[in-house]
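J.: Got a structure here, written out as structure tokens. Questions coming.
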Amino acid sequence: MLLRFLSLLLFTNVMIAQSDTSLMDNIFQVDSLGDEKFVGFIKEVSQDTQFVFIGEQHGIKEVGIFTNVIFDLVHNDGFRTLCIETDALAARKIQQMASSKEPLKLANALYQKFPLAIPFYNNASDYDLFTNVVSKGGTIWGIDQTFMAQFRLNLDHLSKNTTNPALKKMTDELKDKAKIAFKESFTSKSFGDMFMYSYTDALHESLLATRPNPREAEILYQLKKTREIYGHFASKRYYWNNEVRGQLMKSNFNTYYKEALKTDPTPKVVLKLGATHATRGLSMTNIYDVSNYLSELAIFNNMRSLHFMVAGMNGTVLEGNPFVENPVRKFDNTEQLPKELQELAVDFDKKFTVVHLEPLREKSYGSLFSESLKTFIFNFDVLVLVNNAEALEPFQKNSGTE
């Protein structure tokens, strides 16, 4: 028995050493994303790729910087499109502003008129990315739902652009109600007071009764789907909240993709989305998200998808909750990392730590990798950890006023 125990102990120690070696062999650090080692790595892993996912921790500057570098590096391989976490209308407005002579001035003005309407892109940092994409002849797609504070913006757009008198009359009235509801939500510090919860099926049908054109009807349809998605969340039907949103993102992507197919047999896209929307396989919210869908589509096209997760190890982050007193907070995610990375993190002293996860898959079966690390290994191809991350700076303080 003693001999068997000692043999097992020796075997276990060997396995731990092999696991550590395998992990360390696939980690490198750089202070600059222009470093030759990083550039060479990206060129190698992005070969034969149709879709590049940047799964982000929201609220830090480095994600936009990282995406900008990646877009530059893959642009010569035929990537012309950036897909972001907005609806199509917000994406069109972002592209229009990024195409102008003064994109930041226009973006800031839009934010002052409609605070928080476009939640993830109310900052100057991401406009470096948007203007770069546009300057290279690229386009911006928005495949997500309309967010709850955006109803004011979409109704205002319909009111100002429709040639349908009946639709204009209704949206004129509704946009004013939406503005009032937005202000009330800041007074009560409650999302439940947003106008979105007043967008009932009956109201939706009455708007459709005005006979909107196809583009207008699509904007209204997106409002209806948003009401459904948030309704699931409010009723604690969390699976359906995520599943319906995921299906909507796939459908919205298809609309863009089918149009792009008219001129390109294999459109190539960089997607900058929240990390859960960038996973291969079962996502963090236990659905097969748009990212898994596109990973299979790439295979159908005899290509592949490349999935990054970019997150801060520590630093400061801009909170997503507009009701908090101080929207910028310090964070340290080290304890949230798999135990293997926690143990190595004391030596992660450069700005970016790059963990190439894909080669670890073949070593994960029967290995002593933790289940937490295995999840990363199969969900993503590359994990990028940011040291001393910096919070995004919004265009203006969240005041709740317009």
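The values are calculated or read from the model by the stated rules, or taken from the named source; none is laboratory data. Keep in mind that what you see is a predicted model, and the values were worked out from it rather than measured. Cβ sites come from the backbone with ideal geometry, for glycine too, and all protein chains shown count toward neighbours. Accessible surface areas use protein heavy atoms only, side chains included; no ligands, DNA or RNA. Shrake-Rupley method; radii C 1.70, N 1.55, O 1.52, S 1.80 Å.
J.: Looking only at segment 175-211, filter to residues that are of a type in the set (S, T, N, Q) and assigned to a helix (DSSP H, G or I); which one of those is modelled with the highest pLDDT?
T.: Narrowing segment 175-211 to residues of a type in the set (S, T, N, Q): 185, 187-188, 190, 198, 200, 206, 210.
Next, only the ones that are assigned to a helix (DSSP H, G or I) stay: 185, 187-188, 198, 206.
Details: SER185: 92, THR187: 89, SER188: 92, SER198: 94, SER206: 98.
If we take residues in segment 175-211 being of a type in the set (S, T, N, Q) and assigned to a helix (DSSP H, G or I), then SER206 is modelled with the highest pLDDT.
J.: Of the numbered conditions (1) under 29 Å from the mean Cα position of the chain (by Cα); (2) open to solvent by 80 Å² or more (accessible area, probe 1.4 Å), SER188 satisfies every one except a single condition; which is it?
T.: With (1) under 29 Å from the mean Cα position of the chain (by Cα); (2) open to solvent by 80 Å² or more (accessible area, probe 1.4 Å) applied to SER188, the lone miss is (2).
So that you can scan it fast, the table gives a plain yes or no per residue for (1) out of contact with any Pro (no Cβ under 6 Å at 6 or more places or on another chain); (2) closer than 18 Å to MET284 by Cβ:
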| site | (1), (2) |
| --- | --- |
| GLU335 | yes, yes |
| GLN342 | yes, no |
| PHE348 | yes, no |
| VAL354 | yes, no |
| PRO359 | yes, no |
| GLY366 | yes, no |
| SER370 | no, yes |
| LEU373 | no, yes |
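J.: Here's another thing I want to ask about it. Pairs under 7 Å by beta carbon, first residue free of Cβ contacts under 8 Å to residues at least 60 places away in the same chain and closer than 16 Å to ASN26 by Cα in segment 337-350, partner polar (S, T, N, Q) and open to solvent by less than 80 Å² (accessible area, probe 1.4 Å), six or more apart or different chains?
T.: Taking only residues 6 or more apart or on different chains, the pairs are PRO338/SER370; PRO338/SER372; GLN342/THR334; ALA345/THR334.
Here is a yes/no grid of residues against (1) over 30 Å from GLN50 (Cα atoms); (2) modelled with pLDDT of 95 or more; (3) open to solvent by less than 80 Å² (accessible area, probe 1.4 Å); (4) within 19 Å of the chain's Cα centre (by Cα):
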| residue | (1), (2), (3), (4) |
| --- | --- |
| THR263 | no, yes, no, no |
| VAL269 | no, yes, yes, yes |
| GLY274 | no, yes, yes, yes |
| ARG280 | no, yes, yes, yes |
| ILE299 | no, yes, no, no |
| GLY312 | no, yes, yes, yes |
| ASN321 | yes, no, yes, yes |
| GLU358 | no, yes, yes, no |
| SER364 | no, no, yes, no |
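J.: For segment 125-149, give me each residue that is modelled with pLDDT of 95 or more, polar (S, T, N, Q) and assigned to a helix (DSSP H, G or I).
T.: Those that are modelled with pLDDT of 95 or more, polar (S, T, N, Q) and assigned to a helix (DSSP H, G or I): THR131, ASN132, SER135.
J.: Does TYR221 meet the test of being modelled with pLDDT of 95 or more and of a type in the set (Ser, Thr, Tyr)?
T.: On the way: modelled with pLDDT of 95 or more: yes; of a type in the set (Ser, Thr, Tyr): yes.
For TYR221, the condition - modelled with pLDDT of 95 or more and of a type in the set (Ser, Thr, Tyr) - is met.
J.: Would you mind listing the helices (runs of 4 or more DSSP H) fully within segment 18-124 where at least 3 residues are touching a Gly at 6+ places or on another chain (Cβ under 9 Å) and either free of Cβ contacts under 8 Å to residues at least 60 places away in the same chain or surrounded by 17 or more Cβ atoms within 10 Å (Cβ to Cβ) (or both)?
T.: Details: elements: 36-45, 61-75, 88-98, 103-113.
Ranges flagged: 61-75, 88-98.
J.: Which of the residues belonging to segment 378-396 are hydrophobic (A, V, I, L, M, F, W, C) and either surrounded by 20 or more Cβ atoms within 10 Å (Cβ to Cβ) or in contact with a Phe, Trp or Tyr (Cβ under 6 Å, 6 or more places away or on another chain) (or both)? Step through it out loud before you land on a result.
T.: Of segment 378-396, the ones hydrophobic (A, V, I, L, M, F, W, C) are 378, 380, 382-386, 389, 391-392, 395.
PHE380, VAL382, LEU383, VAL384, LEU385, VAL386, ALA389, ALA391, LEU392, PHE395 - these are the residues of segment 378-396 that are hydrophobic (A, V, I, L, M, F, W, C) and either surrounded by 20 or more Cβ atoms within 10 Å (Cβ to Cβ) or in contact with a Phe, Trp or Tyr (Cβ under 6 Å, 6 or more places away or on another chain) (or both).
J.: Being open to solvent by 10 Å² or more (accessible area, probe 1.4 Å), in a helix (DSSP H, G or I) and either touching a residue at least 40 places away in the same chain (Cβ under 8 Å) or polar (S, T, N, Q) (or both) is the filter here; which residues of segment 157-174 pass it?
T.: Applying the first criterion (open to solvent by 10 Å² or more (accessible area, probe 1.4 Å)) to segment 157-174 yields 157, 160-166, 168-170, 172-174.
Now narrow it down to the ones that are in a helix (DSSP H, G or I): 157, 160-161, 165-166, 168-170, 172-174.
Matches in segment 157-174: HIS157, ASN161, ALA166, MET170.
J.: Taking ARG227 and the conditions (1) crowded, with 20+ Cβ neighbours inside 10 Å; (2) at positive phi; (3) among the charged types (D, E, K, R), which numbered condition does it fall short on, given that it satisfies the others?
T.: (2)
J.: For segment 212-234, name all the residues that are of a type outside the set (A, V, I, L, M), in a helix (DSSP H, G or I) and free of Cβ contacts under 8 Å to residues at least 60 places away in the same chain.
T.: PRO214, ARG215, GLU216, TYR221, LYS224, ARG227, GLU228, GLY231, HIS232, PHE233 - these are the residues of segment 212-234 that are of a type outside the set (A, V, I, L, M), in a helix (DSSP H, G or I) and free of Cβ contacts under 8 Å to residues at least 60 places away in the same chain.
J.: Here is a further query. Residue under question is SER206, and the condition is that it be within 21 Å of ILE118 (Cα to Cα) and either in contact with a strand residue (DSSP E or B) (Cβ under 8 Å, 6 or more places away or on another chain) or surrounded by fewer than 21 Cβ atoms within 10 Å (Cβ to Cβ) (or both); does it hold? Quick ask: steps written out before the conclusion?
T.: Working: within 21 Å of ILE118 (Cα to Cα): no; either in contact with a strand residue (DSSP E or B) (Cβ under 8 Å, 6 or more places away or on another chain) or surrounded by fewer than 21 Cβ atoms within 10 Å (Cβ to Cβ) (or both): yes.
In short, no.
J.: Here's a follow-up. What is the one condition in (1) surrounded by fewer than 21 Cβ atoms within 10 Å (Cβ to Cβ); (2) in contact (Cβ under 8 Å) with a residue 24 or more places away in the chain; (3) farther than 30 Å from PRO165 by Cα that GLY246 does not satisfy?
T.: Here GLY246 meets the rest and fails (1).
J.: Further question on the same structure: Here is a check on your reading of the model: is VAL317 touching a Phe, Trp or Tyr at 6+ places or on another chain (Cβ under 9 Å) and within 19 Å of VAL384 (Cβ to Cβ)?
T.: Working: touching a Phe, Trp or Tyr at 6+ places or on another chain (Cβ under 9 Å): yes; within 19 Å of VAL384 (Cβ to Cβ): yes.
Yes; evaluated as a whole, the condition is true for this residue.
J.: Could you go through segment 301-309 and let me know if any residue there is hydroxyl-bearing (Ser, Thr, Tyr) and more than 20 Å from LYS61 (Cα to Cα). Even if it seems obvious, please write down each step before you answer.
T.: Kept after step one, since they are hydroxyl-bearing (Ser, Thr, Tyr), are these residues of segment 301-309: 305.
Retained after the next criterion (residues that are more than 20 Å from LYS61 (Cα to Cα)): 305.
Within segment 301-309 (the criterion being hydroxyl-bearing (Ser, Thr, Tyr) and more than 20 Å from LYS61 (Cα to Cα)), the answer is yes, since at least one residue qualifies.
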